[in-house]
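What follows is a single structure, written as structure tokens, with notes after it.
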2 protein chains.
Amino acid sequence: MSPAHTDVPSLVGAALPTPVPADEYDGCPVTGLLRLLSDKWSMLVLVLLGRQPYRFNELHRAIGGISQRMLTRTLRGLEAAGLVLREVHPTVPPSVEYRLTPLGQSLLGPLSALADWAVSNEAALVAGRHRAAAAASSGPS
Amino acid sequence: MSPAHTDVPSLVGAALPTPVPADEYDGCPVTGLLRLLSDKWSMLVLVLLGRQPYRFNELHRAIGGISQRMLTRTLRGLEAAGLVLREVHPTVPPSVEYRLTPLGQSLLGPLSALADWAVSNEAALVAGRHRAAAAASSGPS
DNA sequence: CCGAATCCTGCACGATACTG
DNA sequence: CAGTATCGTGCAGGATTCGG
């Protein structure tokens, strides 16, 4: 075991030389968060719930393009992580409200930073994409 | 079923699927960024390259657990997005250096915000995961 | 209205072997 | 050293149906 060949940034928590407890969670909190958020809808749901509480079909319509299955899955995942709270009102017909927990709300800041960057650098990203396309068609010919 | 056993050398080029993301850009810059970063390794590679330039196998060892295939794909994707620069030095043996473009470096800030949040709230996330596991084993029995 | 259950497809990803 | 070629697998994710 020779650590420190390339000292891993503290961002990944010096957790790369992991003891690997089980075959599930690899020990790095950043990786854990990424595995939670790296799906198609989680971040979008978080941002929407950050604005206001939503009921299930309200959210379904607000997103538009997500299947019921994936919305349920996404919400359950976020709920399991403690980011979203699910409130069932025993009315007829039943209604369920989803809102962010305080933990979920605290995630909105970092999320916004990423979103702001994406908006601010949209032009650069598009330009880079074009440069890459041009290089790909003229280069390896 | 295994149809043609006749060795067709290289007709089907589906070996390296999706050379670049190249997905249909849906118009939302945030979604575009998420589709770019929502894979298993992109963010980690960006963070590592944010500290220093790396050569291919250097990066391979530093990450530890990624396959050559995925490292290549990840780097190509980031390169196509204009976040990573690939420099080939025509030496013997050949060496290739990867570094962040200025655009890539500007992404480190927002990325760090997310990473810091993950570290700060690791305990809460782990607790949530345990609650979920307990509920899953006792609830739907 | 809320969601679970089922079926199905495609891609992300890994392991290995080979090349220049 | 830096990739490419190829095969196999698991799981994300969509469409639809059924139940409460």
Residue selected from segment A:45-69 under the condition buried (at least 20 other Cβ atoms within 10 Å of the Cβ) and farther than 19 Å from A:P94 by Cβ, by the criterion nearest to DNA strand D (Cβ to nearest atom)
A:V45
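Restricting to segment B:70-104, name every residue that is surrounded by fewer than 13 Cβ atoms within 10 Å (Cβ to Cβ) and in contact with a Phe, Trp or Tyr (Cβ under 8 Å, 6 or more places away or on another chain).
Passing the criteria: only B:E87.
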For segment B:24-47: of the residues being more than 7 Å from chain A (Cβ to nearest Cβ), in a helix (DSSP H, G or I) and among the hydrophobic types (A, V, I, L, M, F, W, C), which is farthest from DNA strand C (Cβ to nearest atom)?
B:L46
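Regarding A:S112, is this residue more than 12 Å from DNA strand D (Cβ to nearest atom), modelled with pLDDT under 95 and either surrounded by fewer than 14 Cβ atoms within 10 Å (Cβ to Cβ) or β-branched (V, I, T) (or both)?
Judged against the criteria, A:S112 is not a match.
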Residues located in segment A:13-43, provided they are modelled with pLDDT of 65 or more and surrounded by fewer than 18 Cβ atoms within 10 Å (Cβ to Cβ):
A:G27, A:R35, A:S38, A:D39, A:K40
Every pair of residues 6+ apart whose Cβ atoms lie under 8 Å, when the first sits in segment A:48-61 and is away from chain B (no Cβ under 14 Å) while the second is β-branched (V, I, T) and more than 9 Å from DNA strand C (Cβ to nearest atom)
A:L49/A:V84; A:L59/A:V45; A:H60/A:I66
One residue from A:G82, A:G104 being within 14 Å of the chain's Cα centre (by Cα) and outside any helix (DSSP H, G or I)
A:G82
So, of the residues in segment A:82-109 that are farther than 17 Å from A:Q52 by Cβ and among the polar types (S, T, N, Q), which turns out to be farthest from DNA strand C (Cβ to nearest atom)?
A:S106
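The values are calculated or read from the model by the stated rules, or taken from the named source; none is laboratory data. Note that the coordinates shown come from a computational prediction; the quantities given were computed from them, not determined experimentally. Here Cβ is always computed from backbone atoms with ideal geometry, including for glycine, and neighbour counts include all displayed protein chains.
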